[in-house]
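> Got a structure for you, written out below as structure tokens; questions coming shortly.
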């Protein structure tokens, strides 16, 4: 799963991609927790790169590009668990830009805090987003990579004929990406041990969401 996500970062500016997934062994990469746990070993590097985001692009870009670059900064910081700096960046472009990229990163930040009501508020303000369509397309052929394999220790709970993991995966992704359902999954996982397969599922879904959103933010950051 993470190997496939790594492919999305191949065309990113190298300094940013290097602070995302491990190019040598992506399956051993540290992905963000669904909650407030600080995991990233690269927080200081992310803080150092954040003020230099503009230097990653060859052209100054128009206003939309400038707003998107602030969103790129927020996403980089959030992936690397720099909550306060990410919040400041996202909030500085509140309500602005096509796709309200800063507001989307703001929503993910509050979901991780966790402040689920605030996360849902910002998601409602964002509404349907182009990154959701990209998620639909990217995830569709990879569902099996998100679910426990037969060799996994233990069996997931069964809900209505589906395993609990499969039921939640269906709720979040079918027929289209459901950002509110992902908040609900985070709420459920807050009551589960870190070793739960459901926690693995939500963190992989979040990693896909954040990577596709960063990819979209980077594209917008290069617009005129």
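> Limited to the range 198-224, what total is found for residues that are at pLDDT 95 or above and farther than 21 Å from residue 80 by Cα?
Residues in the range 198-224 being at pLDDT 95 or above and farther than 21 Å from residue 80 by Cα: 2 in total.
> Tell me which residues, restricted to the range 7-33, are assigned to a helix (DSSP H, G or I), surrounded by fewer than 16 Cβ atoms within 10 Å (Cβ to Cβ) and free of Cβ contacts under 8 Å to residues at least 24 places away in the same chain.
Of everything in the range 7-33, those that are assigned to a helix (DSSP H, G or I), surrounded by fewer than 16 Cβ atoms within 10 Å (Cβ to Cβ) and free of Cβ contacts under 8 Å to residues at least 24 places away in the same chain turn out to be 7, 14, 28.
> Somewhere in the range 124-136, is a residue without any contact (Cβ under 8 Å) to a residue 12 or more places away in the chain, surrounded by 13 or more Cβ atoms within 10 Å (Cβ to Cβ), over 20 Å from residue 197 (Cβ atoms) and touching a helix residue (DSSP H, G or I) at 6+ places or on another chain (Cβ under 7 Å)?
Checking the range 124-136: not a single residue is without any contact (Cβ under 8 Å) to a residue 12 or more places away in the chain, surrounded by 13 or more Cβ atoms within 10 Å (Cβ to Cβ), over 20 Å from residue 197 (Cβ atoms) and touching a helix residue (DSSP H, G or I) at 6+ places or on another chain (Cβ under 7 Å).
> Can you tell me which residue is surrounded by the fewest Cβ atoms within 10 Å (Cβ to Cβ) among those in the range 75-88 that are in contact (Cβ under 8 Å) with a residue 24 or more places away in the chain and in a helix (DSSP H, G or I)?
83
> Would you check if there is a residue in the range 57-65 being assigned to a helix (DSSP H, G or I) and touching a residue at least 60 places away in the same chain (Cβ under 8 Å)?
Yes, because at least one residue in the range 57-65 is assigned to a helix (DSSP H, G or I) and touching a residue at least 60 places away in the same chain (Cβ under 8 Å).
> Something else: For the range 89-123, name all the residues that are touching a residue at least 40 places away in the same chain (Cβ under 8 Å), buried (at least 19 other Cβ atoms within 10 Å of the Cβ) and either out of contact with any helix residue (DSSP H, G or I) (no Cβ under 7 Å at 6 or more places or on another chain) or under 20 Å from residue 204 (Cβ atoms) (or both).
104, 105, 107, 108, 111, 112, 119, 123
> Then there is this: Condition first: touching a residue at least 60 places away in the same chain (Cβ under 8 Å), buried (at least 18 other Cβ atoms within 10 Å of the Cβ) and out of contact with any strand residue (DSSP E or B) (no Cβ under 9 Å at 6 or more places or on another chain). Can you find one or more residues in the range 34-51 that meet it?
There is at least one residue in the range 34-51 that is touching a residue at least 60 places away in the same chain (Cβ under 8 Å), buried (at least 18 other Cβ atoms within 10 Å of the Cβ) and out of contact with any strand residue (DSSP E or B) (no Cβ under 9 Å at 6 or more places or on another chain).
> Right, here's the next one. Note down all Cβ pairs under 6 Å where the first residue falls in the range 196-209 and is surrounded by fewer than 20 Cβ atoms within 10 Å (Cβ to Cβ), the second is modelled with pLDDT of 95 or more and not in a helix (DSSP H, G or I), and they're at least six residues apart or on different chains.
Taking only residues 6 or more apart or on different chains, the pairs are 203/31; 203/34.
> Could you please let me know if residue 163 is surrounded by 14 or more Cβ atoms within 10 Å (Cβ to Cβ), modelled with pLDDT under 95 and out of contact with any strand residue (DSSP E or B) (no Cβ under 9 Å at 6 or more places or on another chain)?
Judged against the criteria, residue 163 is a match.
> Exactly one condition in (1) at pLDDT below 95; (2) touching a helix residue (DSSP H, G or I) at 6+ places or on another chain (Cβ under 8 Å); (3) closer than 23 Å to residue 3 by Cα is false for residue 149; which is it?
Result: residue 149 fails condition (2) only.
The values are calculated or read from the model by the stated rules, or taken from the named source; none is laboratory data. Just so it is clear, the structure is predicted and the values come from calculations on it, not from any experiment. Note: ideal-geometry Cβ built from the backbone for every residue, glycine included; neighbour counts use all protein chains shown.
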